[in-house]
1. Lys and Arg at +1, Asp and Glu at -1: add these up for the other residues within a Cβ distance under 15 Å of Arg86 and post the number.
2. Answer rounded, prolate or oblate for region 3-93, using the Cα gyration tensor with square roots of eigenvalues a ≥ b ≥ c: rounded when a/c is under 1.5, else prolate when a/b is larger than b/c, else oblate.
3. In whole percent, how big is the carbon plus sulfur part of the accessible area of region 3-93, probe 1.4 Å, protein atoms only?
4. Out of Ala26, Pro50, Ala75, whose Cα points farthest toward the positive end of the dipole of region 3-93 (charges: +1 Lys, Arg; -1 Asp, Glu; placed on Cβ)?
5. Estimate the FRET efficiency between Glu92 and Met40 by the formula 1/(1 + (r/R0)^6), using the beta-carbon distance for r and 22 Å for R0, to the nearest 0.05.
6. How far is it, in nm, from the label point at Arg15 to the one at Glu61 when both lie 7 Å from their Cα along the line to the Cβ?
7. Over region 3-93, with the other protein chains present, what is the accessible area per residue in square angstrom, probe 1.4 angstrom?
Amino acid sequence: MGQAALEITARYCGRELEQYGQCVAAKPESWQRDCHHLKMSIAQCTSAHPVIRQIRQACSEPFEAFEECLRQNEAAVGNCAEHVRRFLQCAEQVQPTHRPSTLEAHPLPAS
């Protein structure tokens, strides 16, 4: 179940993640301002998926540490690789709690 959560983020929000990454790389001085809208689009995308909500709750500490690192190392985002790794390690521990069987257990009343 290791990478499930990351794969979900990449699968559903990959375009947003990619655009944000490219934006950050392209604007080392001003990415916080110039790429903020892209970061928001990732947030909107991820909040649509319950497993990602779970990750953000379960891993809020390493995630916030990573964001803090980005703020302090605007010129050298690479310094935050360790923070990213810690966040990803945490994300990999998160098991999706949704059990598909509940759908079959409660069929919608036929109209």
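1. That works out to -4.
2. oblate
3. The nonpolar share, carbon plus sulfur, comes to 52 percent.
4. Pro50
5. So, using R0 = 22 Å, E works out to roughly 0.30.
6. 3.7 nm
7. Spelled out: the 1.4 Å probe surface of region 3-93, per residue, equals 62 Å².
The values are calculated or read from the model by the stated rules, or taken from the named source; none is laboratory data. Source: prediction; values computed, not measured. All Cβ positions, even for glycine, are placed from backbone atoms using ideal geometry, and neighbour counts span all protein chains on display. Heavy atoms of the whole protein, side chains included, go into the accessibility calculation; ligands, DNA and RNA do not. Shrake-Rupley method; radii C 1.70, N 1.55, O 1.52, S 1.80 Å.
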